[in-house]
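Asker: Handing you this structure, nothing more for now.
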Amino acid sequence: MSNTLRILWIAVVVAVLSSCSTPKDISYFPDMQNGQVRQIADDKGIVLKPTDKLSIVVNTKSVEINNILNLPTTSQIIGYSEVQSLAQSRGTSGYTIDEDGNIDFPQIGRVKAAGKTRSELAAYLKQTLEERHVAKDAVVTVEFLNLGFSVIGEVMQPGFFQFNSDKVNILQALGMAGDMTIYGNRKEVVVLRTDGDKQQSFVVSLLDTEELAKSPAFYLQQNDVVYVQPNSYRKRQSTANANETLTGSFWLSAISVLTTIAVLLFK
């Protein structure tokens, strides 16, 4: 066999093996060690923003005061069957934060809600009600009504998910979406975050535990979009003839080409 033919044969074999290779970086956190401690990015939880919808319940010893402070439930429960049944049983008051970041609360008036966490807003309302002698020893509970995030791309169950706590990290979000598929790019997961008329993007790696813990996108905020990009294997599948190397037609074509070259060389 001539050197030219040998080189062509090696090139074909290398191309076949590379096209048939499986993607690496499948396991999460390959750098993690047993007992390792790392600092997670400082985050106080979900910060309220304009257009957020809240359920606010005030409970006191006085039924009359409760009826004054807890608004009717019909206006804010359209489309939320679970919230509706809960609201009707507990006297939930529904509030939408306006464009200026305020809500209008009974016996208090305009209250700045944007920029606070739900616990901070609850503490402020409780303190204000007591200072104004409206209610003593009130228990104020603030819950989210429409706050959530989206997970799309290479996951088992893409969709919109509501927050079930003040802090939901990106790993919990992926778990709620059924985890990544085998085709998900674990090295470059994109988080899109909208704040008013601005959108910020973060790229996080599930292969680098230290950097993931430090990322501002480790904990999600309302309306975040988590996009799991396809890995190189999936991208190749989406291109024309990407899987030819796995079919008999490819091998027949390769043998035909090599045969033609051999005939030409050894004439």
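Asker: Between Lys167 and Arg236, what length in nm is gained on full extension when 0.36 nm per residue of separation is reduced by their alpha carbon distance?
Answerer: Residue separation times 0.36 nm, minus the Cα-Cα distance, leaves 21.2 nm.
Asker: Summarise the long-distance tail of P(r) for the stretch 106-181 by giving the % of C-alpha pairs beyond 17 Å.
Answerer: 57
Asker: Okay, moving on. Which lysines, on any chain, are close to Lys235 with Cα under 21 Å apart, when same-chain ones fewer than 8 places away are left out?
Answerer: In chain and number order, the partners are Lys24, Lys187.
Asker: How much of the accessible area of the stretch 137-194, probe 1.4 Å, is carbon plus sulfur, in whole percent?
Answerer: Carbon plus sulfur share of accessible area: 51 percent.
Asker: Multiply the residue separation of Ser119 and Asp195 by 0.36 nm, subtract the distance between their alpha-carbon atoms, and state the gained length in nm to one decimal.
Answerer: Contour length minus Cα-Cα distance gives 25.3 nm.
Asker: While we're on this one: If the cut-off is 24 Å between C-alpha atoms, which lysines fall inside it for Lys112, apart from same-chain ones fewer than 8 positions away?
Answerer: Reachable lysines: Lys44, Lys49, Lys53, Lys126, Lys136, Lys167, Lys198.
Asker: Could I ask something else about it? Give me the aspartates and glutamates in straight-line cross-link reach of Lys61: C-alpha distance below 14 Å, same-chain residues under 8 apart excluded.
Answerer: Glu130, Asp137
Asker: Determine the order of Tyr95, Tyr28, Tyr219 by accessible area, beginning with the largest, at a probe radius of 1.4 Å. Mind dumping the intermediate values first?
Answerer: Working: Tyr95 15, Tyr28 70, Tyr219 40 Å².
Ranked from most to least accessible, the order is Tyr28, Tyr219, Tyr95.
Asker: Long-range amide H contacts for Thr117: which residues qualify at under 5 Å (H placed 1.01 Å from N, peptide plane, sequence gap of 5 or more or a different chain)?
Answerer: The answer is Leu48.
The values are calculated or read from the model by the stated rules, or taken from the named source; none is laboratory data. Keep in mind that what you see is a predicted model, and the values were worked out from it rather than measured. Calculation scope for accessible area: heavy atoms of the full protein, side chains included, ligands and nucleic acids excluded. Shrake-Rupley method; radii C 1.70, N 1.55, O 1.52, S 1.80 Å.
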